[in-house]
1. Quick check on region 30-46. Is at least one of its residues in a helix (DSSP H, G or I) and either farther than 22 Å from Val75 by Cβ or in contact with a Pro (Cβ under 7 Å, 6 or more places away or on another chain) (or both)?
2. Within region 10-22, work out how many residues are open to solvent by 70 Å² or more (accessible area, probe 1.4 Å) and either at pLDDT 85 or above or assigned to a helix (DSSP H, G or I) (or both).
3. Cβ-Cβ distance below 8 Å, separation of 6 or more or different chains: which pairs start in region 1-13 with a residue that is basic (Lys, Arg) and end on one that is buried (at least 16 other Cβ atoms within 10 Å of the Cβ)?
4. Only residues in region 28-49 that are under 14 Å from Tyr10 (Cβ atoms) and open to solvent by less than 30 Å² (accessible area, probe 1.4 Å) count as the first member; pair them with residues that are of a type in the set (S, T, N, Q) and assigned to a helix (DSSP H, G or I), Cβ under 8 angstrom, at least 6 apart or cross-chain, and list the lot.
5. Within region 60-77, which residues are touching a residue at least 40 places away in the same chain (Cβ under 8 Å) and acidic (Asp, Glu)?
6. Could you run through region 50-59 and say how many residues are out of contact with any Lys or Arg (no Cβ under 9 Å at 6 or more places or on another chain) and touching a residue at least 12 places away in the same chain (Cβ under 8 Å)?
7. What are the residues in region 53-74 that are of a type outside the set (A, V, I, L, M, F, W, C), more than 13 Å from Thr34 (Cα to Cα) and either open to solvent by less than 70 Å² (accessible area, probe 1.4 Å) or part of a helix (DSSP H, G or I) (or both), if any?
Amino acid sequence: MGHLGMYENYKKGKYENQVLDMTTFIDANKFLATVTGIKANALFAKDEIVKEWRAWFEKNKEKLYWDEKEEMVKVKE
């Protein structure tokens, strides 16, 4: 499960009885903001931002690739 899936599952209550480290959300925010260009203006992204990330992903998922040299996910132009 990726960063976006983690957020969506959290919003659905799937981690109700679990303790999640806040760094999990910080890392997810950084990753999703970097890849999509859509920034969350809070430590924990609001529902609207998560929906924007999902819409961006559905539109652009075919453009994502792993850059071996920089060891990170990038978006093809």
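The values are calculated or read from the model by the stated rules, or taken from the named source; none is laboratory data. Small disclaimer: the values here were computed from a predicted structure and weren't measured. Backbone-built Cβ (ideal geometry, glycine too); neighbour counts: all protein chains shown. Only protein heavy atoms, including side chains, enter the accessible area calculation; ligands, DNA and RNA are left aside. Shrake-Rupley method; radii C 1.70, N 1.55, O 1.52, S 1.80 Å.
1. So far as region 30-46 goes, no, none of its residues is in a helix (DSSP H, G or I) and either farther than 22 Å from Val75 by Cβ or in contact with a Pro (Cβ under 7 Å, 6 or more places away or on another chain) (or both).
2. 5
3. Short answer, once both residue conditions are applied: Lys11/Val50.
4. Sorted first by the residue in region 28-49, then by its partner, the pairs are Ala40/Asn29; Ala45/Asn29.
5. None; the set is empty.
6. 5
7. Of everything in region 53-74, those that are of a type outside the set (A, V, I, L, M, F, W, C), more than 13 Å from Thr34 (Cα to Cα) and either open to solvent by less than 70 Å² (accessible area, probe 1.4 Å) or part of a helix (DSSP H, G or I) (or both) turn out to be Arg54, Glu58, Lys59, Asn60, Lys61, Glu62, Lys63, Asp67.
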